[in-house]
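Read the structure below first, then the notes.
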Amino acid sequence: MRRVHPVFHYGETVDDYSVVRPLFLAESVQVYEVLNTHLQRTECLKLLTPRHPLDVSSQWDEARRASQTGHPGIVPVYRTGVVRSPTTSVNCPWFTMAYGEYGDLYRLKDFMDESGWDPVRQRDTFLTLLTQVAGTLDGLHRLDRPVVHGDIKPGNIVVSGHRSGQLRALISDFGLNMAGEGHRSMGGTPAYMAPECFEESAAHPTRDRYAFAVMVFEMLCGRRPLEVGTDSAHSWEIYTAYADIQKHAPRPRFSDYYPGAGARSVDELFRRALSVNPAERPESCTAFITDIGDALTGARRRRRAKKAVVAGAAALIVVGGGAALATGSHPRARFTCRAHAPARMSWRASTLLRRAPDSMRSKPLMSRPRRTRTWMFTRAVPSR
Ligand SMILES: Nc1ncnc2c1ncn2[C@@H]1O[C@H](COP(=O)(O)OP(=O)(O)OP(=O)(O)O)[C@@H](O)[C@H]1O
Ligand SMILES: [Mg+2]
């Protein structure tokens with residue numbers, strides 16, 4: 001890939017903003033951490049860098065869609081502006097938005113590895129964040145004119161630290177978003193695109209649900225179910241070849257890649273969520289991720305066992321108490337695997353609270369997943 005030089009450097013000012021550092025540099029997009037000098041607040045600035053002069057107003061579509069949707073689970077957009085590129089002399093539109101200090105889900109994964117988070121804490125944190133994303137997506141899909149994001153993937157979910165100390169997942173990058181089910185367009189990131197996206201079909205929420213399932217698979221297993229798409233291939237022939245792969249390639253089983261317990265019981269959930277037939281997919285992202293979380297954290301088993309435990313508890317207390325009295329010993333404290341300990345908890349405390357099952361301790365939860373970019377090749381299909 002060609003090396004891209006930043007348009008802005010440390011300390012340069014753009015409007016009310018002082019540039020801190022580049023976060024992401026690509027051919028047509030640059031993302032920076034900036035300081036709002038008036039508010040003394042760190043924000044994120046996205047600069048679009050077209051090579052040729054374009055209608056600047058249409059370039060703000062992404063910012064406009066995100067701010068008009070106005071859901072609390074979406075990265076809030078603050079301001080827009082235009083700056084002349086010193087290299088191409090083209091007017092480049094920019095907009096600022098809330099800063100996700102943990103970056104996207106890939107960067108969060110790096111942060112977890114560097115900070116020594118144990119696998120169970122990583123899994124539970126991803127389950128919590130993905131449940132937040134699921135709630136936001138379901139909210140967008142339930143609007144009178146459903147909003148289909150169209151490009152759900154880990155690179156488009158940014159994570160910020162809430163003042164309460166909890167992590168918060170926000171959906172960003174509405175560059176491809178399709179408002180309403182009547183809109184028809186093609187494009188996206190091939191590995192996350194449902195088979196029907198490659199054909200002329202309406203933008204239906206089931207597309208986002210498919211992409212969401214791919215993302216959940218990836219964040220828990222460290223690989224995507226189907227590896228399709230490269231950064232350089234943008235031709236229509238390759239695009240249609242990917243369509244074939246998406247339709248006909250067998251889906252891998254989740255349990256073949258996930259090292260922890262409970263994987264077998266979610267194979268069927270993924271089979272349905274990644275189905276070629278949109279009607280087979282789950283009704284909502286929340287239902288899907290809740291079922292997965294319950295199965296992997298043992299919540300489902302615990303619920304089933306609860307009745308038996310309650311029935312047997314009285315008898316155990318009587319027998320155990322009697323035995324302790326008889327021997328003079330105290331029942332030993334045991335650490336349990338807590339499903340949703342808050343993300344702000346220190347690493348040491350959470351390790352003590354959650355003893356990882358042996359099967360998960362011996363293997364890394366995730367290998368390093370590879371980032372893949374949205375295809376710039378977009379073929380708009382006129383609405384009927
Ligand atoms: N608000 C934000 N806070 C922190 N990091 C951000 C924010 N917005 C974007 N980024 C970082 O910049 C990257 C690229 O941003 P974005 O996805 O908006 O650009 P893009 O050109 O659409 O990329 P792609 O084609 O890969 O989807 C993100 O993956 C993320 O790492
Ligand atoms: Mg993106």
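Go through the stretch 109-141 and count every residue that is within 16 Å of ligand 1 (Cβ to nearest atom), under 22 Å from THR372 (Cα atoms) and modelled with pLDDT of 95 or more.
Residues meeting the conditions: 2.
Just the residues that are surrounded by 19 or more Cβ atoms within 10 Å (Cβ to Cβ) and more than 15 Å from ligand 1 (Cβ to nearest atom), please, taken from the stretch 142-158.
VAL147, VAL148
Quick check on the stretch 76-122: of everything there that is assigned to a helix (DSSP H, G or I) and touching a Leu at 6+ places or on another chain (Cβ under 6 Å), which residue is farthest from LEU167 (Cα to Cα)? Step through it out loud before you land on a result.
Looking only at the stretch 76-122, we keep the residues that are assigned to a helix (DSSP H, G or I), and these are 105-114, 119-122.
Restricting the remaining residues to those that are touching a Leu at 6+ places or on another chain (Cβ under 6 Å) gives 119, 122.
Numbers: PRO119: 17, GLN122: 12 Å.
Among those residues, the one meeting the criterion is PRO119.
Is it the case that GLY161 is within 16 Å of ligand 1 (Cβ to nearest atom) and within 16 Å of GLU43 (Cα to Cα)?
yes
The values are calculated or read from the model by the stated rules, or taken from the named source; none is laboratory data. Remember, it's a predicted structure, so these values are computed and weren't measured experimentally. No Cβ is skipped: glycine too gets one built from the backbone with ideal geometry, and neighbour counts run over all protein chains shown.
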